[in-house]
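Read through the structure below, which is laid out as structure tokens, and then see the notes.
The values are calculated or read from the model by the stated rules, or taken from the named source; none is laboratory data. Just so it is clear, the model here is predicted, and its values are computed rather than measured. Heads up, the Cβs are rebuilt from the backbone with ideal geometry, glycines too, and the neighbour counts pull from every protein chain shown. We work out accessible area using only protein heavy atoms, side chains counted, and drop any ligands, DNA or RNA first. Shrake-Rupley method; radii C 1.70, N 1.55, O 1.52, S 1.80 Å.
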Amino acid sequence: MSTAAPGRFGNLFRWLGLTLVLLLGLQLLSVLAVNGWGEESFRQLVSTTLVTQSPMGFVGLSLMLIASRLDDPHASRTPMRWFIAVVSGVLALALLVTIPVTIAGDRTISEQADQALMAQKGQLEMARAQLQNPQVIEQVIAQGEKAGQIPATATEAQKQQAAKSFMDRQLSQADEQLKQAESRRDLAANQRRIGGLGTAAVLLVAFTLLALVAVV
């Protein structure tokens, strides 16, 4: 390989890396431009943006480091490498701060989801109890007769059976919806804990190592 080839690759990697780092900066700036640190939703948005977009910055900084190595394999602690080390260190510190913010947000979101599910379960239990309430059954019968779902010529026992069957179907649908909501809650919790916290921890280690490698 000619000596010009590493130089061309070095320039390509440097500009590609710088582009990715700038894109990360723009993504973060677009969020930080709104000063809403007092709101939990804003802190979670900043945390999510940092975690999801940091891999792009890590690839960019890695490309810049490769370009620096290609330009001069024997040089150490050049301005470019110091830049990589500083940016990597800043991102590592930001991710370190992100971890407790993510944990606090996950706890808040989980509590809200649990409260919503508890309220939904309470409504379902109340609806089941209505099956034993004659007044409610009479109301369902009246509504069914008005809608043409229960024949007016049916016997009283048939009308009550039809009303109870209708209420049972409604309860079964509500129970299925509750199970689906619980599944969505569990899936979202796993995504936050594994995809959020796990990714933040891995990136924290990666940026720390990258900062050290850049100046070694």
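What aspartates and glutamates does K159 reach when the alpha-carbon gap must be under 12 Å and sequence neighbours fewer than 8 apart in one chain are set aside?
Cα-Cα hits under 12 Å: E138, E145.
Which lysines, on any chain, are close to K164 with Cα under 21 Å apart, when same-chain ones fewer than 8 places away are left out?
K121, K146
Could you sort the peptides 130-140, 95-105, 76-86 by per-residue average Cβ neighbour count (10 Å cutoff), highest mean leading?
On the way: 130-140: 13.2, 95-105: 17.5, 76-86: 15.5.
The packing order, highest mean first, is 95-105, 76-86, 130-140.
Pairs of alpha-carbon atoms within less than 8 angstrom and 6+ residues apart define the contacts here; what relative contact order does the chain have, in percent?
31 percent
Mind putting together the pair-distance distribution for segment 55-214? All Cα pairs, 10 Å bins, whole percent per bin, short to long.
Percent of pairs per bin, in order: 9, 22, 15, 13, 11, 10, 9, 7, 3, 0.
Roughly how far apart, in whole Å, are the Cα centres of segment 173-216 and segment 117-157?
Using only Cα atoms to place each centre, the spacing works out to 44 Å.
Evaluate Rg over Rh across segment 5-129, taking Cα atoms for both radii and Kirkwood's formula for Rh. Please report the intermediate quantities before stating the final value.
Values: Rg = 21.9 Å, Rh = 17.4 Å.
The Rg/Rh ratio comes out at 1.26.
Given N residues in segment 77-151, what is Rg(Cα) / (2.2 N^0.38 Å)?
Details: Rg = 29.0 Å, N = 75, 2.2 N^0.38 = 11.3 Å.
Rounded to two decimals, the normalised Rg is 2.56.
Skip the ligands, DNA and RNA, and give the accessible area per residue of the chain with a 1.4 Å probe, whole Å². Can you show the working numbers first?
On the way: 13320 Å² over 216 residues.
For the chain, the per-residue accessible area is 62 Å².
Please report the carbon-and-sulfur percent of the accessible area for the chain; probe 1.4 Å, protein heavy atoms only, DNA, RNA and ligands left out.
Working: 8480 of 13320 Å².
The nonpolar share, carbon plus sulfur, comes to 64 percent.
Just to be sure I follow: if Rg is taken over the C-alpha atoms of segment 161-201 and Rh is the Kirkwood radius over the same atoms, what is Rg/Rh?
Values: Rg = 17.5 Å, Rh = 12.3 Å.
Rounded to two decimals, Rg/Rh equals 1.42.
Can you order the peptides 164-171, 204-211 by their average number of other Cβ atoms within 10 Å per residue, highest first? It would help to have the intermediate numbers written out before the result.
Details: 164-171: 13.5, 204-211: 18.0.
Per-residue mean Cβ counts within 10 Å order the peptides as 204-211, 164-171.
Give, in nm to one decimal, the length gained when the segment between S172 and L26 is fully stretched (0.36 nm per residue of separation minus the Cα-Cα distance). Let's see the in-between values first.
Values: separation 146, 0.36 × 146 = 52.56 nm, distance 4.91 nm.
Contour length minus Cα-Cα distance gives 47.7 nm.
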